[in-house]
1. Between residues in the range 931-957 that are at positive phi and residues that are among the charged types (D, E, K, R) and assigned to a loop (DSSP other than H, G, I, E, B), which pairs lie under 9 Å by C-beta distance while being six or more apart or on different chains?
2. Among the residues of the range 149-183, how many are crowded, with 18+ Cβ neighbours inside 10 Å and either in contact with a strand residue (DSSP E or B) (Cβ under 6 Å, 6 or more places away or on another chain) or aromatic (Phe, Trp, Tyr) (or both)?
3. Got a sec? Which of ALA609, ALA537 is in a helix (DSSP H, G or I), loosely packed, with under 15 Cβ neighbours inside 10 Å and among the small types (Gly, Ala, Ser)?
4. Out of the range 102-130, which residues are assigned to a helix (DSSP H, G or I) and under 19 Å from ASP253 (Cβ atoms)?
5. State the number of residues belonging to the range 287-302 that are surrounded by fewer than 23 Cβ atoms within 10 Å (Cβ to Cβ) and either outside any loop (DSSP other than H, G, I, E, B) or of a type in the set (Ser, Thr, Tyr) (or both).
6. Being in a helix (DSSP H, G or I) and either of a type in the set (Asp, Glu) or closer than 15 Å to ARG486 by Cβ (or both) is the filter here, so list the residues in the range 567-592 that pass it.
7. Which residue out of GLU50, GLU75 is at pLDDT below 85, in a helix (DSSP H, G or I) and more than 38 Å from the chain's Cα centre (by Cα)?
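The values are calculated or read from the model by the stated rules, or taken from the named source; none is laboratory data. In this text the structure is predicted, and so the values were computed from the model without any measurement. So basically every Cβ, Gly included, is an ideal-geometry build from the backbone, and we count neighbours across all protein chains shown.
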Amino acid sequence: MSEFILESSKNAGDEVLEKWRASTFTINAARRFRYTLDLNKKKQNDQVCEKKKFKVGGLAAKAAFRFIEGRITPENFTLYREKAEKNGFDVDAATLATMVEKNDKDTLIRLGRIHGLAAKLQVTEKRGVSEDETDIQRRKEVFGPNTYPEKPPKGFFVFVWEAMQDLTLMILAVCALVSLAVGIPTEGLQEGWYDGAGIGFSIILVVLVTAASDYQQSLQFRDLDAEKKKIFIQVTRSGCRKEVSIYDLVVGDIVHLSIGNQVPADGVLIRGYELTIDESSMTGESLPRHKSVDRDPFLLSGTKVQDGSGVILVTSVGMNTEWGHLMSTLSEAGDTETPLQVKLNGLATFIGKLGLLAAILTFLVLMIRFLVNKQMREGLLHWGGNDAVAIVNYFAIAVTIIVVAVPEGLPLAVTLTLAFAMKKMIHDKALVRHLAACETMGSATTICSDKTGTLTTNKMVVTKAWIAGEVGEVSKLKSGISPRVREILIESIFMNTSGDVGEPSKDGKCPLIGTPTETAVLDLGVNLGGQFQEVRARSEIVKVNPFNSERKRMGVLVRCAQGEQRAHWKGASEIVLGMCDRTADKDGNVVPLDDDTRRELIGVIGMFADQALRTLCLGYKVVESHSASEIPESHFVCIAIVGIKDPVRPGVPEAVKLCFAAGIKVRMVTGDNIDTAKAIARECGILTDGIAVEGPDFRTWNDEQMKERIPKLQVMARSSPRDKNTLVKWLRSMDEVVAVTGDGTNDAPALKEADIGMAMGIAGTEVAKESADIIIMDDNFNTIVVVGKWGRAVYTNIQKFVQFQLTVNLVALVINFTSACFTGEAPLTAVQLLWVNLIMDTLGALALATEPPHDDLMKKAPTGRKSNFITNIMWRNIIGQVVYQLVVLTILQYYGIQLLQLPGEGEEQQLLLTTMIFNSFVFCQVFNEMNAREMEKINIFAHTFDNWVFLLIIGFTVGFQWILVTFLGKFAHTVPLTLQQWGVSVGIGAVSLIIAVVIKCIPVPSKPFFGSNYTPQPNANGYQPLPSGPDHI
């Protein structure tokens, strides 16, 4: 069974995935593999992408490719031009599309460069596209929308057709037809059609319920896909900066790009600051390209901003871009299968082979006994219609045993559970991008969490500051700041920012746009009396160094109206302070930064950090050379150190405590100052008696120190993305199941390396989100804990279903086979077995897979990386229930008539007995389904009313069983039962509740009965697995 072990679905090779598929035994491959990765489509998509990259790799080929594909042809150039002229535009879609793909600077020059092109598109850089809906619709009509055609989703009847592809159902359909063909002539029309019609009706019921379940899952996945496509980008419209969906972009939009953004449409660069674009998705070129207005101003849709920032003018959207056409040609290949899906496919294959063997043996035994009895009665030379009907029924029973024995629904239960959980998790502010992540999260042993916005509220405000020698509350400092200091500080705040300040609203407040850190500093500038637009208009930006996680600072070089040039840096306090050798006094005079003053400023930083404030240092310098084009990095004047309050989120300390109780260690990994990080970590309950280290020190640890110290590591401050990636690799090498959060572009390697990568939905870049498995939409640590709870619920729910289904499998197989051997008859007919299959397969999965999570799940230790899925506790429960059901059904079969004192005689009495056996068997499953809700605890009714689906399915099962026995006896081979007989059947089933209580008091060993010899060991975080048995009840 080694071929069914998939360590991780991340980066699993095609050979590994093909291997387990080839080893799978299935009777309906289309259904079994519906929610696994379609390897053929994946290969086709890979080939399409490679062809596209090859074709767009050369400049000449780019333009030619559009003609080859037939989207823009010489014939319709005229049509594009006429449509543009008719709507008042001086440039058409075909010219713009070919210009960008051809990288044609000559055309751009001919159109009047960027300002001339903007004029032809009836926009300006400052105003952008009008927010008037009429103008937006006009642009969509002329240049097209920023969408691409998608393949229509499957309808319900497609799923009906796929459910009918089950080989055993096809064989049973043939059996039904044969039964009708033989039964009607021999028994007459009034009686002869019941057997065949009963099988046919059961097949229809199975197909419809299966199709309905699968269709519902497809709707859930469709909703999830819609959530994944919600990407927003900042644009300027009607002079205001705002966020819009990328699908609402139109040609002429002014788009603001920053690090981590996906370029949402083809465009021309208006201005850029160290803008570096990753074009590997389109050209296959691994090296990033530096974009500039003069040398390389064209940007392709679908590429990603690796560094820097910029503003572009959108020139082509949707199907007029290479990205749009590529997306429309790719087939939906599906998500990579999860390790648990593969493991359960192995289990289904093993059980299926046993079932096939049992079915063959059952058919052979029934046939041998039939032939022996026939020889003894009338010889083998005389055959009639009744003989043919009997043989058809034997064959139908054998085929139905295969239907029951091959648990096609076992792997699909994983998908159903995950689909249900993923849908619910959206309401809990978590978007799961990959199925496996939800499953793996239940096994997480470590969470490496960011601080800002995850553990804290991300609602930042500058509360304290050191400004030109004065330190204290900002509200008290404002009045004492000299005009010179105020002027320089406001310039430093408003010029050295990636944010924006809008026009005052009706209540007089100015809307602030940007990251929480940026808006906090901008708010300080506004409170100091600064006018953002006025300050920006007075100076010209010469050079910008955008912030990134490696540099931990951002800088700007500006030319003032008087011709003087000033440089400003803002960033991590110790880094920017290290660039300063002067400071300003309260009158604005520049004075040397001596050792005493430096120690004082370091003390201020420490004091702010101890109060859990984030600190930023602002420095400036007058640049002597009026022609300087680079931002200097030394001899700056320190003008301010600000302390930004970012409170711990409500509920985070409790959530961290819950994680510790669940055996999940929480580590903080942040770029902040070590003292700030430690203060917040203590407040959250993360830092207790462990190690807190700064990134530069962490990098100096050797392998031995890593092995010794990482298990005790609780806080890492001033860390780089590379540090986070290194930490994740070491934790995984220690058999930890690692969940890691990230928001920046450079966090992508760590997000991919971790078992579960979680990107922040608000602060996270598109690159980070694309690399993640789960997107935390509210950036809240509490949501991460909820995800962990859902992950455990998913894992536990699937275990419940497997325990339930294996019990039904084993009982149905054994009772039919032994009965065939000893009596020559199968107590459960084909119709009855199909109904049982429906109970244990689709309905059972729906009932048990939709159990919502509860806090008790977080009182258990994580399952870990190597633990067996079917635990000893599950085997104990399965064996106990199987033994009880087999004993009671066997007694009923051989002594039921006497014990129950059944009336009648002969066939009438035997039919009543088989009805009692069938009814008791079904109620055993109904009550065992209740038992399966709790594998260890005695109280199985806790949280029952939290799951209305479970109650509905139990009600439906009981109701339809009553209809089947009472009114459909001709089809199901049953007779109506008296109230007393119903009571006996229900009572036999209810005894399984008592059996379950007794079984749960039996302790089990820690060493697995079957499978690997892995015994859970204490994790590196010091947590022992919780015990099982009576002590845990």
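1. These pairs meet every condition: HIS943/GLU851; HIS943/ARG933.
2. Here the count works out to 1.
3. Numbers: ALA609 fails: loosely packed, with under 15 Cβ neighbours inside 10 Å.
Just a single option satisfies the conditions, and that option is ALA537.
4. To start, the set of residues in the range 102-130 that are assigned to a helix (DSSP H, G or I) comprises 102, 105-110, 113-120.
Matches in the range 102-130: LEU108, ARG113, ILE114, HIS115, GLY116, LEU117, ALA118, ALA119, LYS120.
5. Residues meeting the conditions: 5.
6. GLU574
7. Every option except GLU75 fails the conditions.
For (1) outside the structural domain of THR670 (by TED's automatic domain parsing); (2) surrounded by fewer than 19 Cβ atoms within 10 Å (Cβ to Cβ); (3) not in a helix (DSSP H, G or I), each residue gets a yes or a no:
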| position | (1), (2), (3) |
| --- | --- |
| ALA520 | yes, no, no |
| VAL544 | yes, no, yes |
| MET554 | yes, no, yes |
| LEU557 | yes, no, yes |
| ALA561 | yes, yes, yes |
